[in-house]
Each structure stands twice: as C-alpha cells, then as structure tokens.
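Only one structure is covered here, and it is reproduced in the block below.
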4 protein chains.
Amino acid sequence: MRGFGSDNHATVHPELLAAINEANINHAPSYGTDDWTESANKKIKSIFGTEWQPFFVFNGTAANVLSLGSHLESFHSIACADVSHLNVDECGAPEKIAGVKLISLKSHLGKISVDTIEEARIRLGDQHFSQLKMVSITQPTELGTVYSLEELRAIASYCQKQGLLLHLDGTRFFNACINLDCEAPDIARFFDVISLGGTKNGFMMGEAVLVKNPERAKVFKFFRKQYLQLPSKTRFISCQFARYFTNELYLKIASHSCSMAKLLEQRVHEIPFMEILYPVESNAVFARFPKKFLKKMREKYFFYVWDENDFSVRLMTSWDTTEHDIKGFYNQAVELTREAPL
Amino acid sequence: MRGFGSDNHATVHPELLAAINEANINHAPSYGTDDWTESANKKIKSIFGTEWQPFFVFNGTAANVLSLGSHLESFHSIACADVSHLNVDECGAPEKIAGVKLISLKSHLGKISVDTIEEARIRLGDQHFSQLKMVSITQPTELGTVYSLEELRAIASYCQKQGLLLHLDGTRFFNACINLDCEAPDIARFFDVISLGGTKNGFMMGEAVLVKNPERAKVFKFFRKQYLQLPSKTRFISCQFARYFTNELYLKIASHSCSMAKLLEQRVHEIPFMEILYPVESNAVFARFPKKFLKKMREKYFFYVWDENDFSVRLMTSWDTTEHDIKGFYNQAVELTREAPL
Amino acid sequence: MRGFGSDNHATVHPELLAAINEANINHAPSYGTDDWTESANKKIKSIFGTEWQPFFVFNGTAANVLSLGSHLESFHSIACADVSHLNVDECGAPEKIAGVKLISLKSHLGKISVDTIEEARIRLGDQHFSQLKMVSITQPTELGTVYSLEELRAIASYCQKQGLLLHLDGTRFFNACINLDCEAPDIARFFDVISLGGTKNGFMMGEAVLVKNPERAKVFKFFRKQYLQLPSKTRFISCQFARYFTNELYLKIASHSCSMAKLLEQRVHEIPFMEILYPVESNAVFARFPKKFLKKMREKYFFYVWDENDFSVRLMTSWDTTEHDIKGFYNQAVELTREAPL
Amino acid sequence: MRGFGSDNHATVHPELLAAINEANINHAPSYGTDDWTESANKKIKSIFGTEWQPFFVFNGTAANVLSLGSHLESFHSIACADVSHLNVDECGAPEKIAGVKLISLKSHLGKISVDTIEEARIRLGDQHFSQLKMVSITQPTELGTVYSLEELRAIASYCQKQGLLLHLDGTRFFNACINLDCEAPDIARFFDVISLGGTKNGFMMGEAVLVKNPERAKVFKFFRKQYLQLPSKTRFISCQFARYFTNELYLKIASHSCSMAKLLEQRVHEIPFMEILYPVESNAVFARFPKKFLKKMREKYFFYVWDENDFSVRLMTSWDTTEHDIKGFYNQAVELTREAPL
C-alpha cells in the first residue's frame, strides 16, 4: 500500500540500504569507534563546519531530549511552538527525562517569533519561576512551512543578545535548505545545538545531535548513554549518515520530497473540494478535505486527519513518492467528486 | 578484522539482514502497527507463552531501564549482582531515568543467591530506606555462566513468597536455553518481566521487553515512548524478531555461539600460558592471559581485558565465529609462546 | 512594618506559637511518631472524615508536588489553571520531581471549567501524548475567587466519569469554607488528594497532604521522605495542626482574614483612583492602581504589583490584619489623591 | 520521657526558641529577604569565611541532595561511606531527585580513606560508567567518630588533585570542632559544599547549605525552590541560625553534647555487661548491650538498637542531656544486673 501518511511510512532509500548491507562486513568495534562513524563524523563536519560535533542516536525524540538535557539545568525552561513535536508528541519525555519545563508559544503557520519569545522571557531571577534558557524551533515546521533566513536571524540575534540557547529540531533539515536555496551552514550557524534527522529522510533509523559548545560536546557521550541512546552496533546508523552525505544524496532526497509536495499542491489546487491551508515549503501539504470522501480516499491512499474538528488533513510526500502516486490520488479524488458531487 | 571482542562486534546474520531487506517494501504504518510487528508479537507469544506481551525497543540498556521504570515506584530498590550490566555498565541510567536505587549484591561466578537477596531485604516499612521490590538477574551472566533451573526456581520462589518482582536481563537468553537444554518457557516462567536481547544474537539492533502483568502491559507503550524508545519505522526491528523466531534461527544462532565457545575453551585449555577462569556455559570464555603477549595477540584477534589487575581477559564468540577463527587464535598463541617462552 | 503583601508575611498566630512553645517539652520520637502528630491526625480525620489520611510536610510546593508524584505515573499529565501556583510558581518542580507534564488551561477569574478540561482531554491512548489523569484546582483561587459547590460538583462529576483524579491546592482551604458557608467535607468530598495549607493561615510553617486512596496512603510516607519532606522533629509542625483544629481556631483565622478582605474591598471602592478587579471571596483584593501613587503607597503599606502591564495590584489580608491597617491604607490613599489629583 | 534515642528527640534549645518567639513580630518579607536571614548570612560568613554563601533549607536530607544536585551532572557518581546517611537513610532521594549514582565505599569506624576513594575512581572517560565527580564524607561520622584534620587534608588533597568535589555532611559540624579543638574554617576549608546541620543541634528545624563556587551559588536558589525547599516564612529558620551564632551558643551546644557523651562513655565503661564499640569523639556512644536487658532499659531510657544481629546500640546525647540522665541510666543498668546477673 502507498500513500501520504508520513515520511516515516516510506521504505529505506536503496542507496542507504546498500550502505547498510555493505557495512555488514567483518567485525567492527561497537559504540561508535568504528570506521563508518568516523567517516560520517568527517562528512558532517565538512558540510556543517568543523565547529560541530555529531553524536548518533536512535530517534528524533531522543535527539530533542538530549539536546535539552545536555545543555540545560533542571530549573531552566524552553520556549517552543505550541504545535511543536517537543510540546505535543513526546509523551512528556522532555519533562520526565531532562527535568525541564516547556513554555508553549502561540505559533503562526507553525512558526514562533521574537515577540512571542519576548513574552515568555519573564520573571528573570525570580526563584519561583523556571528560568527561560533555550528556544527551540522546528525547521521546516510541523506545518510544512519554512522560516526564512531573515526570520532565523532575528530569532538568533534575540537569543544571543538575551543569553538564550537556540535549538533546532531539524527532522527534515535539508528540505528547508532546498526551499531556501541555501547551504547547511546558512541555517546551522544560527543554532547552538541541532537535532539532525535521518529517519524521515529515507533512513532505516538514526538521527544525529550536532553540538557546538566544546564543553558540552566533551560530556555529551555520557548523556547519550544515560539517556538510553548509545547504539551497540553504531556502524549501522553511522553508515547511513556517511552515505547520505555522499554524492549529495541528502540533497537529492530533500529535493525530490519537496518537488513532489509542490506537484501534489498543484493537483490539490485543481480538486474542487480541497483547499490548501498553508504555504507548501517542505514535504507537507495541509488541506481541508470533506468528511464524506475521507474513508474512501484513505482506503486507497492513506493520510492523516490533522484536526478532527475541521477535517484538515496532512499529506506527506517522501523520497519515494512518485508522480504516479500523485496522479492516482488526484484521479481518485476526481472520480469521487463525480460519484458524489459536493 | 575478526576477533573475540564482543558479540556486538559481529555482523548481522544474513537471514536477519535478508529479513530487513525484504521488509523494505511498500509503505508501512509507523510506531509498531505494521504487519512485521504483529507477526513478531505472535511468534514471541507462541514461543514464550501468550501471557507475555512483547514491546520492541532499540537497545539493551533501554530494555533494562524500562523493565524497572514501568514496574516500580521511585522509592523502590532493585537487588542485582555487583557485576551486572545494570549496576556497572549503564552510566547510572536506572537511577536517573527510573529514579530507583540499585542494591549491589556480592556475586559468585556472576550469580546471586537467595542468601544475598535475603541480606538486602531489610528495613521493610522503614520510610528512610528504599524498599526492596525487585530482583534482577542476568542469564547467562556477565561471566558466561548459567543459572540452573533449580537455582532459578529457588530465587523465584523466594521472590514470590516475599512479594518481590523478578526481572531477567536476557541479553543472550537462548544461550542459556542451549546450555540447560530447555525451552524458553522453562526459564521465562520464573520471571515477571524480561529484557530479551537481539543485538548480541546477530541482529542489527533491537531488543524486546516481555511484560507479564496485564496492567503494566497496558501502559507500557507510554513508558516506551517517554523513555525515548519508540522506533518510528518499527518494522525494521520487528522483522528481525519475526525472522529470528522462524525455522528455529534463534536456536541455531545460540547453539553455534555456544559450541564455538566450547571449542574455544578446549583450545585455550591447550595453551600453556592461559587459564580458564569460569565454567564456559554460554558464549564467553574468561581466561588469565600473560600481559606480555597481550598486545601481539590483540593485533590479530581483538578481545577485551576484563580486569587490568590480574590480566584476565574475556573472549566472546558469536553467531559468526568460525572454527578457523579459533584455530587462528590458537596457532597465534602457540607461535607467540615459541617466540617468547614463558 | 505592616502591609498587604502576603499572608506569608504575617506573624505566627499567638495560639499556634503557644502550641509550639508548649510542645517543647521532654523528648519525643522523631519522624511523626509523636503524640502531637497522633492528635493532629485525629483532629483532621474528625473534621474531614476518617477516609482521609494526613501527612505533614514543610511547604506548599511540596504538598502539591507530592500529591502529583504519589498518585501519577510519569506519562500522565495534569490539567490546571494557567494562573495556578503549580503552573507558574513552583520553578518547574512538578516536572522535575514528579516527572509529569502540566497542561495549562485558560482560566476565568482564576477558575477552570469542565469545558476547558474537556478540551485538554485529547489523544487518549495515543502513546505520543502525555495522558491526562489528574485535574488540579485551587480553592480559593490565586485571584481570591471561590468555586461554588455547584462548580466543584460539576468538575468532580466530570472527573469521576472520565477516570480523572481531582487534586485540590487548598493553601487557604477554610477561607473557601467561610465564603461558601460550608463544612470542610462539603468541599473535600469532591477530591482525591488535597494540599491543606497551614503557612498562609497563621502557621510558622507546615502543610498537610490528605490522601483518600488507601493504597496510596500506604506508600505515601516513602514518597514524602524521598521528596525531602520528612520533618525530623515533626511535633513542631503537627502541634500547630492540632491547635489549629482546636476550639475552631481554623475558622476564626479564616473568618477574620475574609472579613478583613471584605472591609478592605469596601474601602478600596471608596478610593476614587482604585478599581476592584475580581469578586472578593477569600482574603485577596485585586485592584487597578495608578502607577504614580505606587511607590509612595508601598513605602507605608507593602503590597505586590500583580501585573506590571496594567498595574493591577494584589492586596492580601491575613489573620493579623487589623481595621487599623485598612483605615491607614485608606487614609494614605486619600491623602495622596489630595496631594496629586488624578 | 527522656532518653538517648536521638538528638532529634530533644527539645528546642531555650535560646533558639526565644529567637523564634522574638522573630514573631511585624510583617516580614517571605522567601529569605528578611532581616533575620540577612543577619544569619552575615554571621555564617563571619565564622566560616566570606567565600561561603549560605542557603537555608528544611532538613538534612534536602541539604545533602541539594548539595549533590546543584553541583553535579546526572552522569556523575558520588563516593560515600557504606554507612552514610546519604547511602542508607535517604530512601533513594539522591538517586531520584539528583539523578546521580552513589558508590558505597567500605568504611572503617565510619570513615572512608583515600585508598577506598581511589578504588572507586575507575573507568574515567568510559561512557558506560557513571563518572566519579564527588566525594561525600560525614563529620562527625554516623558512628560518632571524627576525621582528624590530617585525614581530612589527605582526602581533600586527593580530591583536588583528581578534580573531585568534596562534600561535607555536617549535621553535627561543631561537635567535630569541639573534638578537634579547632575553628570552623579549619574543617570547612577542605570542602566545596557543606550541609550544615541545625536540627540535631537544638534547632526546631533548619539546615543550611554552604556553597563555595560562586557560579553554583548564583543559581542555587533555583535548585532550592525546585527541590521543594524554599521556606515561605524563612525568618523562623534563619533566626535560629542567627541566634545559634551569637555569643558562641553553637559552641556551648556542641561542647555540652560532647562532654555528656564522654561522661556517658565513662559510665558505660563501668557497666559490666556493656562494651564500648567505637571511640567516642562526638555525641554518640555505641556499645554492645545484652538482649535480655534491652526491653527493660528502653522502657525508662529510650535508645536505638543499631544492629539487630549483634545487639549493638547507639546512645545519643544532645544539648539537653543532663548528668542526671546519665546517672539514671547507669543506676538502672546496675540495678538490672543485680536482678538478673549475667
């Protein structure tokens, strides 16, 4: 079955799967002292800058929670978008594991702004109140929008001025690069710590935390282990990163996902009963969808209802989305309209 | 390079790798609602008994810490062997994540006994003292020994009588079955919660927590997510379990690892400068090794020094250990002795 | 200096201080096994009902966090008012210590309603989302308002129906009884666990957690100790509770505080430049106050600016507020108006 | 009833109680911004040195756990004596609240040595192992013995050399000063953070954490609040410290407690059936006591059995122990021997 459910539903990209198969030779030291990990580290440094130290972990929740826990004290708070994964999709892991408090900021198109952060930066020095120390943004956002470099710069300047750390939940980092037509450092330079996603970009599994502060980088490995994230056979995660950053595969994957979303957006525009909700700037198309067609459509192409109140739906493309998928989705929609007119 | 460093150094078993490659078809729902996971669950239940509910996680530390955290309150303590992974190789994860206290018990050949548990079961009802609520044993132990069914029964009866939960760190579970010539339930029946290992048995990665208490099973998924252990593309972990439990692959792997250890033990016996330290009942051979040969030997066949004080070393076999490896190790040792006699 | 800063600024009530002085005889067993504690327990049970088990702790933050931590699993969330102490005045203690997630609910006059709780009761069974398991309300609220018995009943019925525990932050519990002209059980019956305040009601220090669930009551002492809240010389806290519940002192204190607030409200009404903001139903008067008089007024009678944006202020009365204080405040305000007319 | 149960069983010293009564005037700002707290801070700095920043908390468990949590990262471990309060009397609070691991060191007469610390300082840099970062010692120890200044210097030099922080559990700090005939800084100088006890030295309740590191001192207040230890009416704790450090009351209390223990020791020596177990260097006398006399003796003078295996008992003196108490204990013992000879 195929569909637009999630980039987590996709298969592993054949090149990444090949990397895994190829890594399956000989004995290799465990816990990250293998050649693949060394190679992946080098490639990440060559693309992001040598000031970054990468650490491989299993999943995105872990990358986020480790980013927080390794950089904050327990009396700190983190400001993040109300719709952010950190806030609504981690089952309280940031609170339980890092021991910190999240401050949910009202977002617009999935984005937060300096104004909303400023509103949360209150009661400094007041011992009764969790002290704001970090801002976390998602790029691209959960709504498939992308902060412009100017927006990032504004937030980063504010954070730097106020002594706030800036974290990036970069689950689909390179989709933003594609959209902004920029290089990784153009985005990365604004941040102190980055959750760099693999899983949603064609990996089997695997994320990286990129740490800039050398003191924090020195102790990060202990946090990773204690937070249950040290892979025994690390090579099978790091080999994916090594391949991902070879021959610009990372760009090809991001580029394909984004262009498929653009194509899907065009087609959805043509479907009379659907309405695009947000700018399509990554690999997500959010649209209003009449309830009566939902069941039928999902039988053939699965996708998630995002909000049951207004029947907005989320259509995700991924590295393996084809024009054929999109055409099929479109045709099915057209057919349904014919059968049961609005 | 090959060696006896760890069963974590081994490659992925070809059948398990095949399962992964085969699972890489179509879109699949994420987070464990896929067919491979359903199949793996069924197979585990068919082998361990339907009273067990399996949950797949990334690594062994996580399986252990989740076993504790999901079954205990924070004022509880867990008694475990002084040499247990839980106690000395988890970087304080049980304390930090589950919030509990570990009571380290003196062990003999890696095993604890009812007597040592009894000594730790003190100050019941005393609010100043963490209340003993769980015993955790490792089978096979970190020293490659195996609790007999009688030993297990004694500990389990004691625990049941005293209202203590019994946890199994079963990283290499089936090696114990091979050694005891028994079925999985013969061991499993004594326990309340089991960390069932995959990674060290030829998996790429992946462990399962088997939960018996239905109330705990009902909420376990929330703990798993909050403890950073919910795999997005679960199919790539569960497909390994599904294959592992097909055509008795799990027994073949365990059987091979154990018989290679036995063979290695025989050869080590013949090496004049080496001395076997513990009964070889799983896939580990512990032996005394003269310091002067260490560097040379490790250049060719890597293995770990277990204790730098007495130069005891640990030689691990795995699913991919060959007779040729063992012969090579032996020949190299013999050669060294010739060059530099004791 | 006197003022309306906080009921925490007040002295210890002479009867309670006398109780402390009188308790200072002989040796007494520590950690709550003394006669004063037994007496206090009995009195609390006689007033609240024998189904409640009281536990004495040091402060209000602790009473709240213990109420949560002893009744919830870490993947649970608690819904509470956006303005609640739990949410904005505990420096992240609920998250750090109990490991849970707080869901901040929009409040009206400091109160939450079934509708707002209902909105937060989402994604049940969804492993990515902290599961709502408790509602916490403050009675009287932080804004000095009081839930009517009907409002409490509505919330309690909803919670019971939905399997949600209901917690009361009862820092100034009996002020609500005075306002509602009801007995303790009329309020208490709706709740599963209660933080019963002492400090703000004329105590030197000391709060009680009242636990209804017998299973939780059985283990509560371990949580109390582990959460750093077991007083060594418990008698000096419990003797205050014993005296507080003797000869209706608790009602006298609450009654006086509330009537002083009513008197203050009347006088504030008469001050042309002040405007009462919320119904005065406990011992707090919230009012708008012109910025230009602030410094002068606070020199003589200290009080807190509640919101620096609109210069609303909070005037708290307490057991030791006198008519003379209120008259003085009024006169000072009148004088200021004369000097510097609006 | 009187006895030798614990210095927690004693009453509040009349001068300290007077201080409390005297502090009960006027309104005072809460949360430590009052005059008594300022005065107590000054006095502590004048006695311990201005490099120390004091923070008042409720009890000893809290002082200890805050000392750890505010100075360590969660992957750190603390080495402490097997018999230390931290290890066996805090119900797992250090693990649960500070998230760290305790390493229990074999002690001799309640003391640990450089050798035992050295043995625990292993696997540095190994990500699988909690990294030793702090040593905690109790002075006087739980067995009533006192580290000599030389012993302290040896441990402190070792710690400084190895980059380990040194914590003092100074529940009965000045008893050690009396024994060593030294000033507070002679002991304090060796440490990085000190739990300074009040409760067991005649206070109603109250302890202080003394912090040396200025960076940690700056944020300590947030930890204190988050760890549930910020007293609302702080003045009633700090006024005790202010008085304690006036007219050398702290020395009088310590001196009296210690001399009573010495007297008790002499008398116990004369009781034929009792045997002193450890050097009496503080306010504790440990002795072997025949089981058959236990019940009778405890009816009149309560004391604790320390070890039920060998019927060793602990007799604690305190600020309020009188010669009459000791004489009465002695006489009772003599009488019992007459009635039922050994």
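The mean number of partner chain beta-carbon atoms within 10 angstrom of a residue's beta-carbon across peptide D:73-80 is 5. Counting only the backbone N, which residues of segment A:1-26 are under 17 Å from the spot 7 Å out from the Cα of A:E335 toward its beta-carbon? A:1-4, by backbone N distance to the label point.
Averaged over the residues of peptide A:22-29, the number of Cβ atoms from other protein chains lying within 10 Å of each residue's Cβ is 6. Bridges between two residues of the protein assembly as shown, per DSSP, are antiparallel at a rate of about 50%. In the assembly of identical copies, A:S157 has its label point, taken 7 Å from Cα in the direction of the beta carbon, separated from the corresponding points by 5.7, 5.7, 7.7 nm (ascending, one decimal). Ranking of B:I78, D:I25 by neighbouring Cβ atoms within 10 Å, starting from the fewest: D:I25, B:I78.
Segment B:283-342 and segment B:1-72 have Cα centres separated by 32 Å. Here chain D is treated with +1 on each Lys and Arg Cβ and -1 on each Asp and Glu Cβ, and its dipole about the Cα centre works out to around 560 debye. With neighbour counts taken as other beta-carbon atoms within 10 Å, the residues C:T11, A:T246, D:T317 rank, fewest first, as A:T246, C:T11, D:T317. Near the amide H of D:V135, within less than 5 Å, lie the amide hydrogens of D:A79, D:L165, D:L166, D:H167, all on another chain or at least 5 residues away, with H placed in the peptide plane. Dipole size in debye (nearest 20) for segment B:219-275 around its Cα centre, Lys and Arg Cβ +1, Asp and Glu Cβ -1? In total the dipole reaches around 660 debye.
Modelled spin labels at C:R189 and B:M1, positioned 7 Å past Cα toward Cβ, are 7.6 nm from each other.
Placing +1 on the Cβ of every Lys and Arg and -1 on the Cβ of every Asp and Glu, with no other charges, gives the protein assembly as shown a dipole of roughly 0 debye about its Cα centre. Between B:L168, B:V57, B:I25, the Cα set farthest toward the positive side of the dipole of segment B:14-244 (charges on each charged residue's Cβ, about the Cα centre) is that of B:I25.
As an exercise, use a Förster radius of 51 Å and the Cβ-Cβ distance of B:D126 and C:T322 to find the FRET efficiency, rounded to the nearest 0.05. Once the sixth-power term is evaluated, E becomes 0.60. Suppose R0 equals 25 Å; then what is the FRET efficiency for B:L149 and B:I276 from their Cβ-Cβ distance, rounded to the nearest 0.05? Plugging the Cβ-Cβ distance into 1/(1 + (r/R0)^6) gives 0.55.
For chain C, the Cα gyration tensor yields ellipsoid semi-axes of 33, 27, 17 Å (square root of five times each eigenvalue, largest first, whole Å). Comparing A:N175, A:N59, A:N309 in a Gaussian network model of chain A where C-alpha atoms under 10 Å apart are linked, the largest mean-square fluctuation is found at A:N309. Note on segment D:119-265: dipole from Cβ charges, positive end direction compared against D:I253, D:L210, D:F223; the farthest Cα belongs to D:F223.
Derived scalar couplings between HN and Hα for segment C:226-236 equal 5, 8, 6, 10, 8, x, 4, 9, 3, 3, 6 Hz in order, rounded to whole Hz, by the Karplus curve 6.51 cos²θ - 1.76 cosθ + 1.60 (θ = phi - 60°), x for Gly and Pro.
Inter-chain neighbour count for B:203-213: the average number of beta-carbon atoms from partner chains within 10 Å of each residue's beta-carbon is 2.
Cβ crowding within 10 Å, taken as a proxy for footprinting-reagent exposure, orders A:V334, A:V114 from fewest neighbours to most as A:V334, A:V114. Working from label points 7 Å from Cα in the Cα-to-Cβ sense, the C:S312 to A:K42 distance is 6.3 nm.
Computed over segment D:14-244, relative contact order equals 32 percent, with contacts defined as Cα pairs under 8 Å that lie 6+ residues apart. For segment C:318-332, 3J(HN,Hα) computed residue by residue from phi via the Karplus equation (6.51, -1.76, 1.60; θ = phi - 60°) reads 8, 4, 9, 5, 10, 4, 4, 4, 5, 4, x, 4, 4, 4, 4 Hz, glycine and proline entered as x. Shown for D:G328: label points 7 Å from Cα along the beta-carbon vector, and their distances to the equivalent points in the other copies, 4.8, 8.2, 9.1 nm in ascending order. Of all chain B residues, the one whose Cβ lies closest to the rotation axis that maps B onto C, given with that distance rounded to whole Å, is B:G99, 4. With its label point defined 7 Å out from Cα along the Cα-to-Cβ axis, C:E38 lies at 4.6, 6.3, 7.3 nm from the matching points of the other copies, in increasing order. Using a Gaussian network model of chain C in which every pair of alpha carbons under 10 angstrom is joined by a spring, one finds that among C:N331, C:N26, C:N64 the greatest mean-square fluctuation is at C:N26. Could you tell me how far the Cα centroid of segment A:127-156 sits from the Cα centroid of segment B:216-237, in Å? About 28 Å separates the Cα centre of segment B:216-237 from the one of segment A:127-156. Working ranking of peptides C:273-280, C:257-264 by packing, defined as the average number of other Cβ atoms within 10 Å per residue, highest first, is C:257-264, C:273-280. Counted over segment C:14-244, the DSSP beta bridges are approximately 35% antiparallel.
None of the figures in this text is laboratory data; all of them are computed from the coordinates on show. Keep in mind that what you see is a predicted model, and the values were worked out from it rather than measured. Note that each Cβ is placed from the backbone with ideal geometry, even for glycine, and that neighbours are counted across all protein chains shown.
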